[in-house]
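The values are calculated or read from the model by the stated rules, or taken from the named source; none is laboratory data. What you are looking at is a predicted structure, and each value in this text was computed from that prediction instead of being measured. Cβ atoms come from the backbone with ideal geometry, glycine included; neighbour counts cover every protein chain shown. Heavy atoms of the whole protein, side chains included, go into the accessibility calculation; ligands, DNA and RNA do not. Shrake-Rupley method; radii C 1.70, N 1.55, O 1.52, S 1.80 Å.
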Amino acid sequence: LSGLVAIDIDHVDDPKAIFERWQEEIDFKALKIYLIYITPKGKGLRVVFRCEVSRGNLIDNQKWMCEKLGVEPDASCKDASRGYFLTSADNFLYDDL
């Protein structure tokens with residue numbers, strides 16, 4: 001495993017508006033968020049952050065981050081073998097990798 005974990009926020013009307021709200025309210029560096037981007041279909045966000053063993057397993061880390069961001073966890077993402085598609089550079093909203 002890479003030490004990173006991702007969460008999906010799917011089926012949202014305005015992903016950029018959600019990101020802009022987060023920018024005002026959340027310290028991405030403090031949460032060890034490395035990437036935030038609009039998903040390839042344009043109707044969701046993906047947040048990639050550091051997985052911390054002290055929080056538990058993969059889904060525990062995802063639930064923790066969802067709580068910090070004020071979103072619901074996507075239960076289909078709890079499997080470490082799940083693949084993710086990246087998107088074009090135009091859809092990257094935050095990159096601290």
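The table below gives the values:
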read-out: Meets criteria (surrounded by 12 or more Cβ atoms within 10 Å (Cβ to Cβ), at pLDDT 95 or above, among the hydrophobic types (A, V, I, L, M, F, W, C) and in a loop (DSSP other than H, G, I, E, B)) for residue 28; value: yes
read-out: Subset tally (residues that are open to solvent by less than 40 Å² (accessible area, probe 1.4 Å), more than 11 Å from residue 5 (Cα to Cα), out of contact with any helix residue (DSSP H, G or I) (no Cβ under 7 Å at 6 or more places or on another chain) and in a helix (DSSP H, G or I)) for region 59-73; value: 1
read-out: Any pair with Cβ under 6 angstrom, 6 or more apart, that starts in region 50-68 at a residue that is touching a residue at least 12 places away in the same chain (Cβ under 8 Å) and ends at one that is open to solvent by less than 60 Å² (accessible area, probe 1.4 Å) and assigned to a helix (DSSP H, G or I); value: 51/61
read-out: Hits in region 31-58 (condition: surrounded by fewer than 18 Cβ atoms within 10 Å (Cβ to Cβ), outside any strand (DSSP E or B) and on the phi < 0 side of the Ramachandran plot); value: 31, 40, 41, 43, 44, 52, 53, 54, 55, 57, 58
read-out: Those residues of region 74-90 which are open to solvent by less than 40 Å² (accessible area, probe 1.4 Å) and either among the hydroxyl-bearing types (Ser, Thr, Tyr) or modelled with pLDDT of 75 or more (or both), in sequence order; value: 87
